[in-house]
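Let me begin by presenting the structure, written as structure tokens, before commenting on it.
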Amino acid sequence: MRKTAVVTGASSGIGEATARRLAAEGFEVVAGARRRDRLDRLSSEVPSIRPVTLDVTSQESVDALASSLERCDVLVNNAGGALGMEPVAGGDVGDWQAMYDTNVLGSLRMTRALLPELVASGDGVLVMLTSTAGLSAYEGGGGYVAAKHAQRSMTETLRLELVGEPVRVVEIAPGMVKTEGFAVTRFRGDEERAAQVYEGVPGPLSSDDVADAIVWAVTRPAHVNIDRMVIRPRAQAAQHKVHRVRD
Ligand code: NJP
């Protein structure tokens, strides 16, 4: 039976690119997200990708996905993102809760649901999409910085707790990635404001750059655990040290 990989947040950006690359590597891919129309399009292009409607903030939805699986060898906890750029003093409690629910608790729900299958596979790989926002703070990072720090801590704790089990725990922490959704979601659909994030940056990372790293980490030999990979564009030396070309 072919190995199965589950990718959350596979309807756009890094998740979609990862689903495509894992399928090209020979995995059966279960692609989960809320926007089913986009998943259906992806699946019609790549038949080894199975679309599943998934909301990682709903236990019921996560359980439904888990019970539809015959096996799970790889879980990529990618669903997530940022909301707003207000300073902490003006932080919106609802936004902070939503970011925690998706990035942290969403990863927890998926991990709890699929860990038995990952262990049973004999060589499971759990990938957490964190962020360089989980490594250092930046002004306006607010609830996103807090959530990604929490997700990173959860990843480290899990690796300690799983030592001796046949499961690798891999953290991928990207810097600036120009994806379809990330900045648009952060600025609530304001495309102009979203475009400014990448303005003048010669070569932000693409979704495919990050997917490439994920698939590389997943396809190392079973005894090789890539603990954390930090990937930034050459033009980004630190969270807020970004080279921009102005005309
Ligand atoms: O963003 P985007 P990225 N249940 O908006 C899904 C991290 N990251 O690829 O449900 C299930 O294109 C959503 O699907 P839908 C970032 O924090 C990024 O850039 O249909 N799925 C979509 O497929 C995140 O963890 C950057 O709306 C849910 C996907 O998530 C990951 O990379 C930098 C969901 C988001 O795709 C992918 O982000 C960095 C839910 N409740 C870390 N809510 C960057 N782009 O610069 C959302 O350091 N999704």
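Any idea how many residues of the range 115-146 are out of contact with any strand residue (DSSP E or B) (no Cβ under 7 Å at 6 or more places or on another chain) and within 12 Å of residue 167 (Cβ to Cβ)?
Our first condition is that a residue be out of contact with any strand residue (DSSP E or B) (no Cβ under 7 Å at 6 or more places or on another chain); within the range 115-146, this holds for 115-117, 120-123, 133, 136-146.
Okay, now just the ones that are also within 12 Å of residue 167 (Cβ to Cβ), so 115-117, 120-123.
Result for the range 115-146: 7.
Return the residue satisfying two criteria in turn: it lies in the range 157-192 and is of a type in the set (S, T, N, Q) and surrounded by 15 or more Cβ atoms within 10 Å (Cβ to Cβ), and of such residues it is farthest from residue 121 (Cα to Cα). Lay out the reasoning, then the answer.
First, pick out the residues of the range 157-192 that are of a type in the set (S, T, N, Q): 157, 179, 185.
After this cut, where a residue has to be surrounded by 15 or more Cβ atoms within 10 Å (Cβ to Cβ) as well, the list is 179, 185.
Working: 179: 32, 185: 35 Å.
Out of the qualifying residues, it is 185.
For residues in the range 32-57 being more than 8 Å from the ligand (Cβ to nearest atom) and within 20 Å of residue 105 (Cα to Cα), which is surrounded by the most Cβ atoms within 10 Å (Cβ to Cβ)?
The selected residue is 52.
Among the residues of the range 131-178, which ones are under 20 Å from residue 235 (Cα atoms) and touching an Asp or Glu at 6+ places or on another chain (Cβ under 9 Å)? First the steps, then the outcome.
Within the range 131-178, the first condition is being under 20 Å from residue 235 (Cα atoms), and the residues that meet it are 131-139, 141, 172-178.
Listed by number, the residues that qualify are 134, 174, 177.
Check off (1) part of a helix (DSSP H, G or I); (2) at pLDDT below 95; (3) aliphatic (A, V, I, L, M) for residue 14 and give me the number that stays unchecked.
(2)
Take the range 199-247 and flag every residue that is surrounded by fewer than 16 Cβ atoms within 10 Å (Cβ to Cβ), hydrophobic (A, V, I, L, M, F, W, C) and in contact with a His (Cβ under 9 Å, 6 or more places away or on another chain).
If the condition is that a residue be surrounded by fewer than 16 Cβ atoms within 10 Å (Cβ to Cβ), hydrophobic (A, V, I, L, M, F, W, C) and in contact with a His (Cβ under 9 Å, 6 or more places away or on another chain), then 237 is the only one that fits.
I'd like to verify a number: residues in the range 87-109 that are more than 14 Å from the ligand (Cβ to nearest atom) and either in contact with a helix residue (DSSP H, G or I) (Cβ under 6 Å, 6 or more places away or on another chain) or over 21 Å from residue 196 (Cβ atoms) (or both), how many?
Restricting attention to the range 87-109, the residues satisfying the condition of being more than 14 Å from the ligand (Cβ to nearest atom) are 87-94, 96.
Narrowing the set further to residues that are either in contact with a helix residue (DSSP H, G or I) (Cβ under 6 Å, 6 or more places away or on another chain) or over 21 Å from residue 196 (Cβ atoms) (or both) leaves 88-89, 91, 93-94, 96.
Looking only at that region, the number is 6.
The values are calculated or read from the model by the stated rules, or taken from the named source; none is laboratory data. Note that this is a predicted model, so its numbers are computed, not measured. Don't worry about glycine lacking a Cβ; one is built from the backbone with ideal geometry, like all the others, and counts go over all protein chains shown.
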